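*Asks:* I have a structure here, written as structure tokens, and I will follow up with some questions on it.
The values are calculated or read from the model by the stated rules, or taken from the named source; none is laboratory data. The structure presented is a predicted model; accordingly, all values stated were derived computationally and were not measured. Methodologically, a virtual Cβ is constructed for each residue, glycine included, from the backbone with ideal geometry; neighbour enumeration extends over all protein chains shown.
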Amino acid sequence: MNKEQCFQLGYVAKVHGLRGEVVVVLDTDNPEDYEDLEHLFLEQKSRLVPFFLEHFVLQPGNKVLAKFEDYDSLNQAEELVGSEVYLPLTALPELEDDQYYFHELIGFEVFDETIGLIGTVQVVYDLETQDLLGVTHQGKEVLIPIQDGIIQEVDKTAKKVFCHLPEGLLEIYLED
């Protein structure tokens with residue numbers, strides 16, 4: 001399994017107890033969508049490796065208490081701390097027509113209601129503080145916040161993002 005066919009579900013945050021359990025922090029709005037998992041992929045030395053679960057118990061917030069098969073000690077579990085956790089894209093829950101996953105936006109054309117075509121989404125930055133579209137405009141990368149008021153509509157069929165850019169946003173990136 002390679003990363004292009006997967007999405008990052010979260011990461012192993014810390015060890016829990018002495019018997020190989022770990023706490024996994026999920027990067028999702030609906031952790032309950034993943035409570036029946038039988039396996040996960042963990043990044044190990046830049047490769048995705050399957051890990052089979054003995055249990056995967058939801059905790060308050062976006063945390064899960066997980067126990068992997070053949071990981072029965074504190075020392076073994078410590079080796080997993082910091083590992084990113086992945087699932088295949090096919091494991092993503094179906095969305096409503098007006099909803100989208102960030103990875104789907106790559107390659108979409110971005111239009112501002114005043115300026116018109118801005119460019120094409122090259123990358124989506126999923127940051128702790130803010131999510132951003134990385135769009136190429138006049139040879140430079142422009143970062144557009146993914147938030148209500150700026151993103152007006154996403155047309156998945158036409159592969160277009162319609163937005164209302166804050167005044168002066170493009171100029172910041174076009175200055176030398």
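*Asks:* Scan L80, L87 and give me the residue that is closer than 26 Å to L37 by Cβ, crowded, with 17+ Cβ neighbours inside 10 Å and touching a Cys at 6+ places or on another chain (Cβ under 8 Å).
*Replies:* Only one candidate qualifies: L87.
*Asks:* Could I ask something else about it? Only one of (1) farther than 30 Å from F162 by Cβ; (2) in contact (Cβ under 8 Å) with a residue 60 or more places away in the chain is not met by H103, so which one is it?
*Replies:* The single condition H103 does not satisfy is (1).
*Asks:* Considering P60, P93, which residue is within 16 Å of the chain's Cα centre (by Cα) and part of a loop (DSSP other than H, G, I, E, B)?
*Replies:* Numbers: P60 fails: within 16 Å of the chain's Cα centre (by Cα).
That would be P93, the only listed residue that is within 16 Å of the chain's Cα centre (by Cα) and part of a loop (DSSP other than H, G, I, E, B).
*Asks:* Continuing with the same structure: I'm told N75 meets every condition in (1) surrounded by 14 or more Cβ atoms within 10 Å (Cβ to Cβ); (2) in the same structural domain as L18 (by TED's automatic domain parsing); (3) more than 19 Å from the chain's Cα centre (by Cα) except one. Can you identify the failing condition by its number?
*Replies:* Evaluating N75 over (1) surrounded by 14 or more Cβ atoms within 10 Å (Cβ to Cβ); (2) in the same structural domain as L18 (by TED's automatic domain parsing); (3) more than 19 Å from the chain's Cα centre (by Cα) leaves (1) as the failure.
*Asks:* List every residue pair whose Cβ atoms sit under 7 Å apart, with the two residues 6 or more apart in sequence or on different chains, where the first one lies in the range 13-33 and is outside the structural domain of E84 (by TED's automatic domain parsing) and the second, anywhere, is charged (D, E, K, R) and surrounded by fewer than 17 Cβ atoms within 10 Å (Cβ to Cβ).
*Replies:* Matching pairs, first to second residue: none at all.
*Asks:* Do we find a residue being out of contact with any strand residue (DSSP E or B) (no Cβ under 8 Å at 6 or more places or on another chain) and either hydrophobic (A, V, I, L, M, F, W, C) or assigned by TED's automatic domain parsing to the domain that holds L127 (or both) anywhere in the range 42-61?
*Replies:* No: zero hits.
*Asks:* Looking only at the range 102-127, which residues are at pLDDT below 90 and under 14 Å from I151 (Cα atoms)?
*Replies:* Answer for the range 102-127, where residues must be at pLDDT below 90 and under 14 Å from I151 (Cα atoms): just F102.
*Asks:* Please pick out the residue among V49, V25 that is closer than 15 Å to L87 by Cβ and within 18 Å of the chain's Cα centre (by Cα).
*Replies:* On the way: V49 fails: within 18 Å of the chain's Cα centre (by Cα).
Exactly one residue qualifies, and that residue is V25.
*Asks:* Restrict the check to the range 98-108 and report whether at least one residue is surrounded by fewer than 17 Cβ atoms within 10 Å (Cβ to Cβ), outside the structural domain of K45 (by TED's automatic domain parsing) and farther than 21 Å from D29 by Cβ.
*Replies:* yes
*Asks:* May I pose another question? Among the residues of the range 139-176, write down those that are farther than 20 Å from D126 by Cβ, in contact (Cβ under 8 Å) with a residue 40 or more places away in the chain and not in a loop (DSSP other than H, G, I, E, B).
*Replies:* Of everything in the range 139-176, those that are farther than 20 Å from D126 by Cβ, in contact (Cβ under 8 Å) with a residue 40 or more places away in the chain and not in a loop (DSSP other than H, G, I, E, B) turn out to be K160, F162, L170.
*Asks:* Still on this model: Restricting attention to the range 109-154, report how many residues are surrounded by 15 or more Cβ atoms within 10 Å (Cβ to Cβ) and over 19 Å from the mean Cα position of the chain (by Cα).
*Replies:* Result for the range 109-154: 11.
*Asks:* Could you list all residues from the range 63-86 that are assigned to a strand (DSSP E or B) and within 13 Å of V23 (Cα to Cα)? Steps first, please.
*Replies:* If we filter the range 63-86 for residues that are assigned to a strand (DSSP E or B), which is where we start, we get 63-68, 84-86.
Scanning the range 63-86 gives K63, V64, L65, A66, K67, F68, E84, V85.
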